[in-house]
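Every read-out reported here was derived from the displayed coordinates using simple, explicitly stated rules and does not represent laboratory data. In this text the structure is predicted, and so the values were computed from the model without any measurement. Here the Cβ positions follow ideal geometry from the backbone for every residue, glycine too, while neighbour counts run over all protein chains shown.
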Amino acid sequence: MPVIKLDDLSKSYGNVEVLHSINLEMQDAEFTVLVGPSGCGKSTTLRMVAGLESVTSGEIYIDGKPVSNLEPKERDLAMVFQDYALYPHMNVAKNMSFALRLEKRPKKEIQSKINEVAEILGLTEYLHRKPAELSGGQRQRVAMGRALTRDSSTFLFDEPLSNLDAKLRTQMRAELAMMRQRVRKNMIYVTHDQIEAMTLADRIVVMHGGYIQQQGTPEELFKNPKNKFVAGFLGTPPMNFINVDIVRQADDVYLHGSGFKLRCDHATAERLHNSRSQDVLMGVRPCDLNYNPEAATDSAIDIDVVISEYIGAQSVLIGDCGGQDVMVELKSDTPIALGERLRFSVNLNDLHFFNLDDDEAIG
């Protein structure tokens, strides 16, 4: 499979620049997910790769060859759109084979390819149905099947699950993951849903404001976010951010926040030497706050419970810590009452720190 490279890629509409010098290399048979909020430039990037949007500056290379001036049909790509884009008067088999029939492939070859892809996607029993007779998830599978029958080197997905309800999205996410194991092709997938990104990607590319904020494996980005935006975007519930002062008393270093004072170990104190001021932003994920009423004062924070959201095996608490909102995950059998003050121990190794002036990670 070819390597796809975006070299200093930019896009402008008139005087408005929406993509700023994007540099990205997608490896052989890699599932790359472009993720970010609406308007970050992820779909524009995908459409430029597909040839549906022109390039303002920079170049797109596929297998070392520049393709920015090539028509979409010359790029050996197949695209799955958000709205399925199926022909309502054609049955599933004819929708899936449309491109092959345009190319005047032999009938036996077309039928063999339809049967192969239908088996992969669980569509065999629906081949004679029209799109109107299918559920949303089945229609999306047909749209994917139409792309797969083309046997292109690279498949592009533009938010393919966004029109589905939550339960169906979860099901389709699992089906996509299974399909990924059977079809070892380059895949570039665009979504605003960070759960899709975390569960599907070999590599995540987080975008914001037309820039790539960070790229890497899901684990790398989750454990070592480069800045506050990445830290807050990846993870459900999102990371808590709390303003703290770095206070040095004799040989000890403390993180002093409103309503708490955490004593730092040597490793944490060393990390904080890289801060540009005595005021920093402390990040802690809701799953890393551990309910412990016996914890020592200098290793815990106290939270006044404001809202408790019961979601089955666990609850998500929204509480107040010295005037700042804090979210916590805990087991649903933990006794809690609204307005109650609970103590949560903090593992210093789980903390993240960010400079206040530019939101970049410290250490």
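Computed values, structure above
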item	result
Integer Hz, Karplus 6.51/-1.76/1.60 couplings in order for segment 345-357, x for Gly and Pro	6, 10, 8, 4, 5, 8, 7, 10, 10, 9, 5, 6, 7
Value of [θ]222 nm, deg cm²/dmol, for the chain, DSSP H segments ≥ 4, -39500 (n - 2.57) each, nearest 500	-7000 deg cm²/dmol
Residues LEU168 and ASP8, FRET efficiency given R0 of 41 Å [Cβ-Cβ distance, rounded to 0.05]	0.55
THR334-ASN274 FRET efficiency (beta carbon distance; Förster radius 56 Å; 0.05 resolution)	0.95
Considering only the chain, percent of DSSP beta bridges that pair antiparallel, nearest 5	80 percent
Histogram of C-alpha separations across segment 15-91, 10 Å bin width, %	14, 46, 30, 8, 1
Relative contact order for the chain, counting Cα pairs under 8 Å that sit 6 or more residues apart, in percent	15 percent
Cβ-defined net charge surrounding ASP7, 11 Å radius [Lys, Arg +1; Asp, Glu -1]	-2
Principal axes of the chain: Cα extent on each, largest first, Å	81, 47, 34
Using alpha-carbon coordinates, inclination of helix 136-149 to the longest axis of the chain, degrees	60 degrees
Of ARG105, ARG285, ARG180, the one that fluctuates the most in a GNM where the chain has Cα springs shorter than 10 Å	ARG105
